[in-house]
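The values are calculated or read from the model by the stated rules, or taken from the named source; none is laboratory data. What you see is a predicted model, and the numbers here were worked out from it, not measured in a lab. Heads up, the Cβs are rebuilt from the backbone with ideal geometry, glycines too, and the neighbour counts pull from every protein chain shown. Quick note on the areas: whole protein, heavy atoms, side chains included, nothing else; ligands and nucleic acids left out. Shrake-Rupley method; radii C 1.70, N 1.55, O 1.52, S 1.80 Å.
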Amino acid sequence: MTPNIHHEKREIVGERLEFKKGPIYWLGPDLTVRDSTIIISAAGRSLVPVGGQFINCTIQVKGQLKGVVWARMTFKGCRFKGRFRGNEFGFREALFDPREWKPGGIGDCDFSEAELHGVGFNGCDMSTIRLPRWPCFTFVDPVRHAAELRKHSWPGHFGQVTVEVACESPTGSVASTWHAPTVAEKMETTVEELRAALETAPGIFM
């Protein structure tokens, strides 16, 4: 039987937490982790964010962390390191009803040392988020730039797939970040062609 580890109704300060492969980790409710280092080796499906906050923490991923929706957790002043794939930060009503769950959020956080691909930011002020630079790139407020982005010339299948995903972002989504080598491999283009197209497109941070 897979062991369950519950971090709930407690405050953790100045510790080193390791989420290792194997157990299921329940994060919350009423969890506060402050001034701590979190090392994540567990698969994304092994993390169950229920409700809480991380304040001034360093979050280090070993390997890749895939598909974690952090909508019920708040991150404030945290630094992220490692490879994140398909994670969602900040609260979006399309994911959870705020009448049933206390909304999470994100602000004043640093992803400059992380590698992000298909990572979404919701309901937050992106001016307080330090994003990774190339070879990662970010669509900032893509819905507002949707008409221009769709008219832009894109290589391979990037326009029909990735740009459309960004332009069709649901209410509350404010940015999405992608990893250029991963995109190029899947969209039948090259990193060089992709960069050239992105450099002249609106609403791109890279």
Scan the range 74-108 residue by residue and report those that are open to solvent by less than 60 Å² (accessible area, probe 1.4 Å) and modelled with pLDDT under 70. PHE96, ASP97, PRO98
So GLU148 fits all but one of (1) over 17 Å from ILE59 (Cβ atoms); (2) at pLDDT 95 or above; (3) buried (at least 17 other Cβ atoms within 10 Å of the Cβ); (4) not polar (S, T, N, Q); what number is the exception? (3)
Taking the range 53-73 only, how many residues are open to solvent by less than 20 Å² (accessible area, probe 1.4 Å) and in contact with a Lys or Arg (Cβ under 8 Å, 6 or more places away or on another chain)? 6
Members of the range 18-31 found to be closer than 13 Å to VAL50 by Cβ and open to solvent by 20 Å² or more (accessible area, probe 1.4 Å), listed by number: ILE24, TRP26, PRO29, ASP30
Pull out all pairs, ordered by first then second residue, where Cβ-Cβ is under 6 Å, the residues are six or more apart or on different chains, the first lies in the range 126-142 and is at positive phi, and the second is open to solvent by less than 30 Å² (accessible area, probe 1.4 Å). ASP141/GLY203
Note on HIS117: of the conditions (1) closer than 20 Å to VAL61 by Cβ; (2) open to solvent by 20 Å² or more (accessible area, probe 1.4 Å); (3) without any contact (Cβ under 8 Å) to a residue 60 or more places away in the chain; (4) in contact with a strand residue (DSSP E or B) (Cβ under 8 Å, 6 or more places away or on another chain), unmet is (3)
Checking the structure you have, find out if any residue of the range 22-29 is part of a loop (DSSP other than H, G, I, E, B) and touching a Leu at 6+ places or on another chain (Cβ under 8 Å). no
Count, please, the residues in the range 155-206 that happen to be among the small types (Gly, Ala, Ser), buried (at least 17 other Cβ atoms within 10 Å of the Cβ) and either modelled with pLDDT of 95 or more or farther than 26 Å from GLU93 by Cβ (or both). 9
